[in-house]
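Contents: one structure, followed by commentary.
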Amino acid sequence: MNILIIEDDPSIQMLLKLSLEVEGYQTKAVGTVTKAWDELGTWSADLILLDLMLPDRSGFELLQMLQQQYKSVPVIVLTAKNEMNDKILGFQLGADDYLTKPFETRELIERIKAVMRRMKMVAPPEVIKIGPIEIDKNGRTCKIGEQWLKTTSKEFDFMWLLCAHPKKVFTREDLLDQVWGYDYYGHTRSVDMVVNRLREKMKPNEHLIATIHGTGYKLEV
């Protein structure tokens, strides 16, 4: 699981990275809103740890931005601000949990586990409409505008995954695990072949599946 740490204090950054990586999490750490936004465009974050007091822009402002483009990624706010109004505002803007500094890393890890359990319990919609795309999980149908796509089983599962997590960057390994299954031992080239077939069928809307060079793919709407 990938965790993006947005914290401008280097000592806290290092503490969080070490504590989380010992638990088996993959982490990246940045110190500004600008760098965080750039990282989200190229790296597949499953959860975000967010300090509210950042040097370039407010963490509250980033929460609003995340709700617009990365709503499916849960956020735990880590901050020295203990005022009730700040906590309420953070939750109103989309934070999933709130932890006041100083805190025990053990408590943070348990909160991360609890947030991810809640995320798994939320049933995804059966029909997703995003941009020009409409995809029906039960009916196994997908159309772009008025164009119906004739997809194979794997092509449909691939499209559903991207549509369920718009703007999220998936590595080829992520896609193999989630579309083909953990017991699949094929090459990541299988992912590229599905993308190529889908893009051919989606013309002139093939740009909706964006390539993130050196990483993988995401839905661009």
- request: Determine the pairs where a residue that is without any contact (Cβ under 8 Å) to a residue 60 or more places away in the chain, located within the stretch 156-169, has a partner that is surrounded by fewer than 19 Cβ atoms within 10 Å (Cβ to Cβ) and of a type outside the set (A, V, I, L, M, F, W, C) with Cβ atoms under 7 Å apart, the partner being 6 or more residues away or on another chain.
  value: PHE156/ARG140; TRP160/LYS137; LEU161/GLN178
- line: Flagged in the stretch 14-28 as of a type outside the set (Lys, Arg), outside any loop (DSSP other than H, G, I, E, B) and over 12 Å from ASN2 (Cβ atoms), in numbering order, are MET14, LEU15, LEU16, LEU18, SER19, VAL22
query: If we keep just the residues of the stretch 71-102 that are over 24 Å from the mean Cα position of the chain (by Cα) and in a loop (DSSP other than H, G, I, E, B), which is surrounded by the most Cβ atoms within 10 Å (Cβ to Cβ)?
result: LYS81
- request: Could you check, for the stretch 5-12, whether at least one of its residues is touching a Gly at 6+ places or on another chain (Cβ under 8 Å), within 26 Å of PHE170 (Cβ to Cβ) and of a type in the set (Asp, Glu)?
  value: yes
- request: Considering only residues that are farther than 23 Å from TRP37 by Cα and touching a Ser or Thr at 6+ places or on another chain (Cβ under 7 Å), look in the stretch 71-108 and name the one that is modelled with the highest pLDDT.
  value: THR105
task: Among what's in the stretch 204-217 and is without any contact (Cβ under 8 Å) to a residue 60 or more places away in the chain and touching a strand residue (DSSP E or B) at 6+ places or on another chain (Cβ under 9 Å), pick the residue that is farthest from GLY41 (Cα to Cα).
output: ILE209
- request: Restrict the check to the stretch 49-61 and report whether at least one residue is in contact (Cβ under 8 Å) with a residue 40 or more places away in the chain, assigned by TED's automatic domain parsing to the domain that holds LEU108, farther than 17 Å from ILE12 by Cα and not acidic (Asp, Glu).
  value: no
Which numbered condition GLY214 fails, given (1) assigned to a loop (DSSP other than H, G, I, E, B); (2) closer than 21 Å to PRO132 by Cα: (2)
- prompt: Can LYS167 be described as within 20 Å of TYR70 (Cα to Cα) and either touching a strand residue (DSSP E or B) at 6+ places or on another chain (Cβ under 8 Å) or surrounded by fewer than 15 Cβ atoms within 10 Å (Cβ to Cβ) (or both)?
  reply: yes
query: Can you find even one residue in the stretch 167-185 that is on the phi > 0 side of the Ramachandran plot and among the basic types (Lys, Arg)?
result: yes
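The values are calculated or read from the model by the stated rules, or taken from the named source; none is laboratory data. The structure presented is a predicted model; accordingly, all values stated were derived computationally and were not measured. Please note: Cβ atoms are built from the backbone with ideal geometry, for glycine as well, and neighbour counts cover all protein chains shown.
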